[in-house]
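Novice: For reference, the structure I am asking about is given below.
The values are calculated or read from the model by the stated rules, or taken from the named source; none is laboratory data. What you see is a predicted model; the values in this text were computed from it and never measured. Note: ideal-geometry Cβ built from the backbone for every residue, glycine included; neighbour counts use all protein chains shown. When the accessible area is computed, the model is the full protein with side chains, heavy atoms only, and any ligands, DNA or RNA have been set aside. Shrake-Rupley method; radii C 1.70, N 1.55, O 1.52, S 1.80 Å.
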Amino acid sequence: MNEVLRAAAALRAGELVAFPTETVYGLGADASSPGAVAAIFAAKGRPADHPLIVHLPDAAHLSRWAREVPQVAYPLAAAFWPGPLTLILRRHPCVIDAITGGQDTVGLRVPNHPLALQLLREFDGGIAAPSANRFGHVSPTTAAHVRDEFGSSVSMVLDGGPCAVGIESTILDLSGETPRILRPGMLDATALAGILGSAPALGATAEAPRVSGSLESHYAPTTPLLLLGGAETESAAREMLDSGSRVAVYSPRAAAISHPRLVWGLAAADPARYAQELYARLREFDGLHCDVILVERPPPTEAWCAVIDRLTRAAAGAK
Ligand code: TXA
Ligand code: MG
């Protein structure tokens, strides 16, 4: 039996299957099975009130999971699915509470990766999948990262190579009065505005559905990470080296200092490439056992918004 058929059979049997998407690897389970979904929370060490995204084979499945599908969802799906966009819609009554965290909404997306799509078509249902990392850790962008996170406790990992986008999907809430981005991703507000007709609101509100990635300390490496301005990065590195620390620097500029206790990682100058490499680089830096990772803050433009969001959380989490 080929791997995708085996993976679909494992999902039907209530088991967990890690699989690649274009954003990050997901830890999948049958979204209609309370037992299988409970196994995700147990494996990740994730609090039970954090909702999960349900992955679908195509937009035709939307009405099975959402009781109201606003008209604008269809042109959004036509424009961006399969792709790195999660839509928050009012849940269908048959969606189990473990998926929604007890909220009245559900997160849905069609991922753009051939293996994920094959698996979804073969399974022909919703696959609940958070990023395949332990709660609060850096998300995995290769199959090896997933194995590093879970070892043998997740028996099946489909290997689809490194993820092309590299950071999690844009989450767009369509359950309220106006469309709102709850989590920025590489699909940005301008692209969404092209279909919505006007710019979506930005950021969670007190009433907006909960997004666990919006906790301050998320996506964090184990090594403390500081996000600094360009000139600051170099002076901070010098100071820390002088005081005997092992220092990693992540900057788009060529190394300005050379020192036996310094690792200078050259960052991509282009946001798409930077995002694609980010989590793998953070894991690499962690593996070097430096005392600190100094990251040069990218420019505050829309193209860098999602990357800056993840870096800010990584810095908050690593304190
Ligand atoms: O790119 C992605 O979205 C990846 C891949 C695997 O698809 N998945 C992912 O899942 O990032 P996870 O669980 O690590 O993050 C999903 C986020 C969480 O912050 C969760 O709170 C939010 O989506 N979410 C899920 N359902 C929601 C809902 N009904 N309302 C508000 N937020 C929701
Ligand atoms: Mg996650």
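Novice: Take the residues of region 1-23 that are aliphatic (A, V, I, L, M) and touching a strand residue (DSSP E or B) at 6+ places or on another chain (Cβ under 6 Å): which is surrounded by the fewest Cβ atoms within 10 Å (Cβ to Cβ)?
Specialist: Among them, the one singled out is A10.
Novice: What do you reckon, is E207 in a loop (DSSP other than H, G, I, E, B), open to solvent by 60 Å² or more (accessible area, probe 1.4 Å) and either within 30 Å of L76 (Cβ to Cβ) or modelled with pLDDT under 95 (or both)?
Specialist: yes
Novice: In region 295-303, is there at least one residue being touching a helix residue (DSSP H, G or I) at 6+ places or on another chain (Cβ under 9 Å) and farther than 27 Å from P200 by Cα?
Specialist: Yes - at least one qualifying residue is present in region 295-303.
Novice: Of everything in region 24-41 that's of a type in the set (S, T, Y) and open to solvent by less than 40 Å² (accessible area, probe 1.4 Å), which residue is nearest to the chain's Cα centre (by Cα)?
Specialist: Y25
Novice: Determine which single condition G136 fails, assuming it passes every other condition in (1) surrounded by 19 or more Cβ atoms within 10 Å (Cβ to Cβ); (2) within 16 Å of ligand 2 (Cβ to nearest atom); (3) farther than 28 Å from T178 by Cβ.
Specialist: The one condition G136 does not meet is (1).
Novice: Just need a number here: residues in region 245-268 that are more than 24 Å from S169 (Cβ to Cβ) and either in contact (Cβ under 8 Å) with a residue 40 or more places away in the chain or of a type in the set (G, A, S) (or both).
Specialist: Of the residues in that region, 13 qualify.
Novice: Which of the residues that make up region 270-319 are of a type in the set (K, R) and more than 18 Å from the chain's Cα centre (by Cα)?
Specialist: R297, K319
Novice: Among the numbered conditions (1) touching an Asp or Glu at 6+ places or on another chain (Cβ under 7 Å); (2) within 16 Å of ligand 2 (Cβ to nearest atom); (3) hydrophobic (A, V, I, L, M, F, W, C), tell me where V110 comes up short.
Specialist: Failed condition: (2).
Novice: Okay, next question. On the given criteria, is G185 within 12 Å of ligand 1 (Cβ to nearest atom), in contact with a helix residue (DSSP H, G or I) (Cβ under 9 Å, 6 or more places away or on another chain) and in a strand (DSSP E or B)?
Specialist: No; evaluated as a whole, the condition is false for this residue.
Novice: Of the residues D124, D173, D159, D104, which single one is modelled with pLDDT of 95 or more, of a type in the set (D, E), open to solvent by 20 Å² or more (accessible area, probe 1.4 Å) and within 10 Å of ligand 1 (Cβ to nearest atom)?
Specialist: D104
Novice: Further, regarding this structure: Would you mind stating whether D97 is charged (D, E, K, R) and more than 10 Å from ligand 1 (Cβ to nearest atom)?
Specialist: So D97 fits the description; yes.
Novice: Being of a type in the set (G, A, S), over 14 Å from the mean Cα position of the chain (by Cα) and closer than 17 Å to I53 by Cα is the filter here, so list the residues in region 157-193 that pass it.
Specialist: Answer for region 157-193, where residues must be of a type in the set (G, A, S), over 14 Å from the mean Cα position of the chain (by Cα) and closer than 17 Å to I53 by Cα: just S175.
Novice: Please verify whether A129 is within 23 Å of L5 (Cβ to Cβ), touching an Asp or Glu at 6+ places or on another chain (Cβ under 7 Å) and open to solvent by less than 30 Å² (accessible area, probe 1.4 Å), treating the condition exactly as stated.
Specialist: no
Novice: Right, here's the next one. Scanning region 273-319 for residues that are assigned to a loop (DSSP other than H, G, I, E, B) and open to solvent by less than 30 Å² (accessible area, probe 1.4 Å), which turns out modelled with the lowest pLDDT?
Specialist: Checking each candidate, the answer is A318.
Novice: Could you please give the count of residues in region 42-63 that are open to solvent by 20 Å² or more (accessible area, probe 1.4 Å), within 24 Å of P82 (Cα to Cα) and either among the acidic types (D, E) or away from ligand 2 (no atom under 14 Å from the Cβ) (or both)?
Specialist: Looking only at that region, the number is 4.
Novice: What number of residues in region 142-153 are within 19 Å of the chain's Cα centre (by Cα) and more than 13 Å from ligand 1 (Cβ to nearest atom)?
Specialist: Result for region 142-153: 6.
Novice: Of all residues being within 16 Å of ligand 2 (Cβ to nearest atom) and assigned to a loop (DSSP other than H, G, I, E, B) in region 142-156, which is modelled with the highest pLDDT? Just the residue, please.
Specialist: Only one residue fits best here, namely T142.
Novice: When you go through (1) under 24 Å from A144 (Cβ atoms); (2) touching a helix residue (DSSP H, G or I) at 6+ places or on another chain (Cβ under 8 Å); (3) open to solvent by less than 30 Å² (accessible area, probe 1.4 Å) one by one for V95, which number turns out not to apply?
Specialist: Just one mismatch for V95, condition (1).
Novice: Kindly indicate the residue of region 29-48 that is modelled with pLDDT of 95 or more and touching a helix residue (DSSP H, G or I) at 6+ places or on another chain (Cβ under 7 Å) and also farthest from P140 (Cα to Cα) among those meeting that condition.
Specialist: If we take residues in region 29-48 being modelled with pLDDT of 95 or more and touching a helix residue (DSSP H, G or I) at 6+ places or on another chain (Cβ under 7 Å), then P34 is farthest from P140 (Cα to Cα).
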